[in-house]
Every structure is written in structure tokens, then in C-alpha cells.
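Below is one structure; the comments refer to it alone.
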Amino acid sequence: MTSASNPEVAAPYGTGPSTPAKPAKRVRIHHLRELKERGEPWPMLTAYDMYTAELFDEAGIPVLLVGDSASNNVYGYDTSLPVTVDEMIPLVRAVTRSVKRALVVADLPFGSYQLSPEQALATSVRMMKEGRAHAVKLEGGRAFAPHVKAITTAGVPVMGHIGFTPQSEHNLGGYRVQGRGGAADQLVEDALALQEAGAFAVVMEMVTAEVAKKITHELKIPTIGIGAGPDCDGQVLVWHDLLGLTTGHVPRFVKPYASLAVTVVAALRAYASDVRERRFPGTEHEYRMADGERESFEAELAAQADAPGTR
Ligand code: KIV
């Protein structure tokens, strides 16, 4: 697209974010609270780049999480621990620049908030100013209530995350369901402490459905489940799992709605075979000289070939 102020022609290998017919209404944290009050469940999804953010926004997903799962799903680390704030911020910015309506939540990565409420606020400020996020998320229960309070007091909405918290996977003994045995009361206390500290929502990961239901009923703020049963106010999944781009093991709580890995591999095999067999590019994909230009170009080539001393 060109304009008087921007005479550049758009890059030919992508279209950039498209312009909607009329501006969409931004999802705000109070809308999520209203959905809870009306008993209407809502979906949330991870997003880490422009195209997915634009598509998920267009599909009406109200909340997009730039999760620290980018560590595994974008940067290729084996856990969520190594990803840094500097690695997260460009992804957050790409997502926020690409949505018209969705509320974009930026995850605070491991080591970027645990040291103190001050550190948590400083990292949140970076996510808001540099990433243009609309809210942040951090993992942990009661122990992190002061961190949540410091961030919300500064005007930044915070989403909590309890149950199985991947940043503590070594401490929790690996991927294990939480809320079994005597742990249920502690999870309830964690959720209440986050609400009290000002969190606008709480993710519950791999929590028994019974405990998740109890917490959802006790909290005024929305709960968002991932492996926490059907009674949470919202549900969240990592998009690679939901759309079947993940080739390895997927957890029990994932329902794949597509098989993108199969589609992509089949398409790439067809492309590779077309290139090898010279079926691609076809005439419809090439650029040709105009007739007059081609004739003089070919005549020039022929003259060069005929000239003495040339081969
Ligand atoms: O980082 C992430 O993707 C998450 C979700 C799974 C809740 O924290």
C-alpha cells in the first residue's frame, strides 16, 4: 500500500496488518469481570508474532498472552526458564502492534520479578513502555502478593498464575498436577491473596477440576484454566498445541483443533519436489521483458556471440 506520506511499496512477501472497516472496541479488564458475572466463559491463546496475533484477533479471541512459553515455542529452549526480558519484548511489541481488539498480556520471565516488588515493577514498566503491553502476568501465589501490589499500584494490570508454574518446574518436581491431597487449601489461599493484592485474573495450570471450581466460585476476579477443568471462567492454550504444530508429546489438557504440522510437511514436500522437477516456478510466477525490449536484448546477445573472440 502506498500513500503520499509513505511512498514505499509494501514488501512483496507479506501484507502487513490489514486495516479494518471501522475501529474495533478494545477488550478491557472490566469486560472480563463482566463476562464472569454473566457466567460466559471466554478463550485465551498465546501469540508471539504479527500474523498469529492478527489472525487470533480477527477470530475474536479476547485475550492474547505473549507467554514465556516463547522460550520453548519460539527460541527453542527446553524449558521456560532461559528466555529473557530482552528476548520477550520484541515479541510483545509485534503482538500489540498487530491487534485491534484483543487485550495483550506480557509474561514476566524467570528472574525478572522474583528478586523484589521493585524489580517486578521495573520489568512491568519495560513491558508496558517498550512492549506496549496492556497487562502483565507473573507466576506464584501468596509470596508474590507484594509484587502484584507494587505493579497494580503503579497502574499496570496483573494476571496471576498458580498451580503448576513452569518457572518452578525443578522445585515442583516436574510437570505434576497441583491441588491434590492437602494442597487444595493452599491454592485457595494463593488465589485469594492475589485477588487481594489487586490481580485482575488468575491462571490455574494443571489444578484438579474440583479445586479449580472451588477457587472460581470464591474469587470475584476471573480464573483462567489450562488443565484445570471446565468450571474456570476462561480457558487458555498454547497455540502450537491447539493448532497441531507441535510434533512431540502434547499434555492431556490439550485438544488439537487442526493438524498444521501435517499440512506444513505435506506442502513443503510438494514445493521441494516441484523445485527439483522444475515444475516451480511456472510461467505465472515469472517476470518477462516487454516484446520490443526482449527482441533487442536477444539481438544483442546474438551479436555478442557472433563477435570474433567471443564464445
Ligand atoms: O507461558 C505460557 O504460555 C503460559 C500459559 C500456558 C498460561 O503461561
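In whole Hz and in residue order, list the ³J(HN,Hα) couplings for region 249-265 that follow from phi through the Karplus curve 6.51 cos²θ - 1.76 cosθ + 1.60, θ = phi - 60°; x for Gly and Pro.
Working through the residues one at a time gives 5, 10, x, 4, 7, 8, 10, x, 9, 7, 10, 4, 4, 5, 4, 5, 5 Hz.
I need the phi-derived Karplus couplings for region 162-167: 6.51 cos²θ - 1.76 cosθ + 1.60, θ = phi - 60°, integer Hz, Gly and Pro marked x.
For region 162-167, the Karplus curve yields 10, x, 6, 10, x, 5 Hz.
I'd like to know which of 41, 122, 74 lies farthest towards the positive end of the charge dipole of region 29-242, counting +1 on Cβ of Lys and Arg and -1 on Cβ of Asp and Glu.
Towards the positive end, the residue furthest out is 122.
Starting from the Cα of residue 100, draw a straight line to each of the lysines and keep only those under 21 Å, dropping any in the same chain fewer than 8 residues away.
22, 25, 129, 137
Springs between alpha-carbon pairs under 10 angstrom, Gaussian network model over the chain: which of 192, 268, 81 fluctuates most?
The residue that fluctuates most here is 268.
Taking R0 as 51 Å, what's the FRET efficiency between residue 142 and residue 270 from their Cβ-Cβ distance, rounded to 0.05? Please report the intermediate quantities before stating the final value.
Details: r = 54 Å, r/R0 = 1.06.
With R0 = 51 Å, the Cβ-Cβ based efficiency is 0.40.
Would you mind working out the magnitude of the charge dipole of the chain relative to its Cα centre, with +1 at each Lys and Arg C-beta and -1 at each Asp and Glu C-beta, to the nearest 20 Debye? List each step's numbers first, then the result.
Details: 31 positive and 37 negative charges, 183 e Å.
Dipole of the chain, to the nearest 20 debye: 880 debye.
Return the loop-located trypsin sites (Lys or Arg not before Pro) in region 178-221 (DSSP other than H, G, I, E, B) with at most 10 other Cβ atoms within 10 Å of their own Cβ; answer none if there are none.
Numbers: sites: 180, 213, 214, 220; in loops: 180, 220.
Of the trypsin sites (Lys or Arg not before Pro), the ones in loops of region 178-221 whose Cβ has at most 10 other Cβ atoms within 10 Å are 220.
Got a sec? How would 134, 161, 249, 31 order by Cβ neighbour count within 10 Å, fewest to most?
On the way: 134 23, 161 29, 249 6, 31 14.
Listed from fewest to most nearby Cβ atoms, that is 249, 31, 134, 161.
Would you work out which of 207, 136, 183 lies farthest towards the positive end of the dipole of the chain, given +1 charges on the beta-carbon of Lys and Arg and -1 on that of Asp and Glu, about the Cα centre?
Final value for the positive-end residue is 183.
DSSP loop (so not H, G, I, E, B), at most 15 other Cβ within 10 Å: list which chymotrypsin sites (Phe, Trp or Tyr not before Pro) in region 231-311 pass both filters.
Working: sites: 239, 253, 257, 271, 287, 297; in loops: 253, 257, 287.
Hits after loop and neighbour filter: 257, 287.
At a threshold of 8 angstrom on Cα-Cα distance, excluding pairs fewer than six apart, so keeping six or more, what relative contact order does the chain reach in percent?
Values: 511 pairs, mean separation 39.7, N = 311.
That works out to 13 percent.
Values in this text are rule-based calculations from the coordinates and carry no lab data. Nothing here was measured: the structure is a model prediction, and the numbers come from that model. Glycine gets a Cβ as well: all are built from the backbone with ideal geometry, and neighbour counts include every protein chain shown.
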